[in-house]
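In what follows, a structure is listed as structure tokens, so that the remarks can point back to it.
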Amino acid sequence: MAALLLATRNEHKLRELREALPGVEIDPLPDEVELPPERGETFAENALGKARAAHAATGRVAIADDSGIEAYGLGGRPGVRSARYAGEDAGDEQNLAKLLREVSERDDRRVAYVCAIALVREDGESIFEGRCEGTLTDRPRGTGGFGYDPAFLPADTGPADDRTMAELAPEEKHAISHRGRAARKLAEHLGVEVPR
């Protein structure tokens, strides 16, 4: 199978998808390829827009990931605006601080990570989705991962494990994360076996 082209400028996503899909070769996006702004109402729409742009510009089989966090107590916010929650130029720390502040004003700390991976090639398009339920901690912990990981306490590790996503080893995170789950569905579609 030829290498897939990942339509992102996010080095964290490139690294995580390469780790989650050890049997799949994934190339970074060439500098000259322009990606469209993320203006979709869903993760799938945004992922498809990026993958289509990369495929159209290069003629290669392209994948794109759009993902974020949804807080139950905030009606699903920040959702597709997760990367820009505290403003267009905000970084991970500002976005996380805003979410923790807003969630602390509610009784509900439940959240879900959601990921959509789009695959675009000559013979069609496909979407693979993954989800990971959890709760938000009071304050960030851990140095692994990125984004909201330092405050995301995954439900899948069980009630006795109080480690955040940022405190899990990479292989533990990929086994339960939204991106890992979507990536395994992609791999299955491509006929590639990856560890669970």
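The values are calculated or read from the model by the stated rules, or taken from the named source; none is laboratory data. Treat the numbers as computed from the prediction; the structure is a model and nothing was measured. Neighbour counts are summed over all protein chains in view; Cβ atoms, including those assigned to glycine, are modelled from backbone coordinates with ideal geometry.
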Original post:
So is R131 assigned to a strand (DSSP E or B), touching a Lys or Arg at 6+ places or on another chain (Cβ under 9 Å) and at pLDDT 95 or above or not?
Top reply: yes
Original post:
In segment 71-81, what residues are touching a helix residue (DSSP H, G or I) at 6+ places or on another chain (Cβ under 7 Å) and in a helix (DSSP H, G or I)?
Top reply: G73, L74, V80
Subject >> Single condition R9 does not satisfy, out of (1) in a loop (DSSP other than H, G, I, E, B); (2) in contact (Cβ under 8 Å) with a residue 60 or more places away in the chain >> reply: (2)
Original post:
Would you say A51 is aliphatic (A, V, I, L, M), at pLDDT 95 or above, crowded, with 23+ Cβ neighbours inside 10 Å and part of a helix (DSSP H, G or I)?
Top reply: yes
Original post:
Do we have any residue at all in segment 141-153 that's surrounded by 13 or more Cβ atoms within 10 Å (Cβ to Cβ) and either β-branched (V, I, T) or farther than 22 Å from N95 by Cα (or both)?
Top reply: no
Subject >> Answer from D138, D89, D123 - the residue that is out of contact with any Cys (no Cβ under 6 Å at 6 or more places or on another chain), closer than 19 Å to A64 by Cα and modelled with pLDDT under 95 >> reply: D123
Original post:
With P37, P28, P22 as the choices, which residue is of a type outside the set (D, E, K, R) and without any contact (Cβ under 8 Å) to a residue 12 or more places away in the chain?
Top reply: P37
**OP:** For R60, indicate whether it is part of a loop (DSSP other than H, G, I, E, B), touching a strand residue (DSSP E or B) at 6+ places or on another chain (Cβ under 8 Å) and charged (D, E, K, R).
**Re:** yes
Subject >> Pairs with Cβ under 8 Å, 6+ apart, first in segment 44-62 and farther than 13 Å from G124 by Cα, second assigned to a helix (DSSP H, G or I) >> reply: N46/V80
